[in-house]
Amino acid sequence: MRAAQDGDSAAYQELLETVTPRVRRIVMRQRWFAGPEVVEDLVQDILLSLHRVRATYDSARPFMPWLLAIVRHRVTDGARRYARTTAREVALGEPNLTFNEPAANVVEDVSTDVETLRWAVQSLPARQRTAIELLKLKELSLKEAAAASGMSTGALKVATHRALAALRKTLGRGRNRS
């Protein structure tokens, strides 16, 4: 890691090749119930975090505890993300078996909804749009979003609240027109 911090790309490549299998084993041990896709997503997330914060490594200290702290935090973040996602998901059977009448089983065009949402987010004022993008779309913490945007955490909370209210109003209005 010291050599990588000094700009040695071969050393950085070797470091990644060395730590990746170890990180993968740790994630698989902690998230044995998750599928291989989830494990690989977490491993990639950890490697991206390692890349982003590599400048913070103090070469006077041991490398592995520093890396394991990153792994622990990213796995915890992954668990939170998993819990948020599964709390909102509902398992459904075949969509065409919902009702007996075929006319009642029309599947709406999702791309229209995505485009409508994209338009609604883009139409928000800049501060509200930034808050939504950082906190809701990129799922950054308030502290991370505050650092990235230059806004205080309080300002981000207010902007997010106002943005969500504006989106509800805009999207609710669009739904009533059709």
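Tabulate in residue order the Karplus-calculated ³J(HN,Hα) for segment 137-142, using 6.51 cos²θ - 1.76 cosθ + 1.60 with θ = phi - 60°, rounded to whole Hz; enter x for Gly and Pro.
So the J values, rounded to whole Hz, are 7, 8, 6, 7, 6, 4.
Binning every alpha carbon pair distance of segment 2-88 at 5 Å from zero, what are the percents per bin?
3, 13, 24, 24, 15, 10, 6, 3, 1, 0
Please give the charge dipole size of segment 2-88, origin at the Cα centre, charges +1 on K and R Cβ atoms and -1 on D and E Cβ atoms. Round to the nearest 20 debye.
Numbers: 15 positive and 10 negative charges, 111 e Å.
My answer is approximately 540 debye.
What is the mean projected area of the alpha carbon convex hull for segment 109-177, to one decimal in square nanometres?
Working: hull surface 18.3 nm².
If I average the Cα hull's projected area over directions, I get 4.6 nm².
Can you run phi through the Karplus equation (6.51, -1.76, 1.60; θ = phi - 60°) for segment 59-68 and list ³J(HN,Hα) in whole Hz, with x for Gly and Pro?
Result, rounded to whole Hz: 5, 7, 10, x, 6, 4, x, 5, 5, 5.
Any read-out appearing in this document is the output of simple, stated calculations on the displayed coordinates, not a laboratory observation. It should be emphasised that the depicted structure is a prediction, and the values quoted were computed from it without experimental measurement. Cβ: placed from backbone, ideal geometry, glycine included. Neighbour counts: every protein chain shown.
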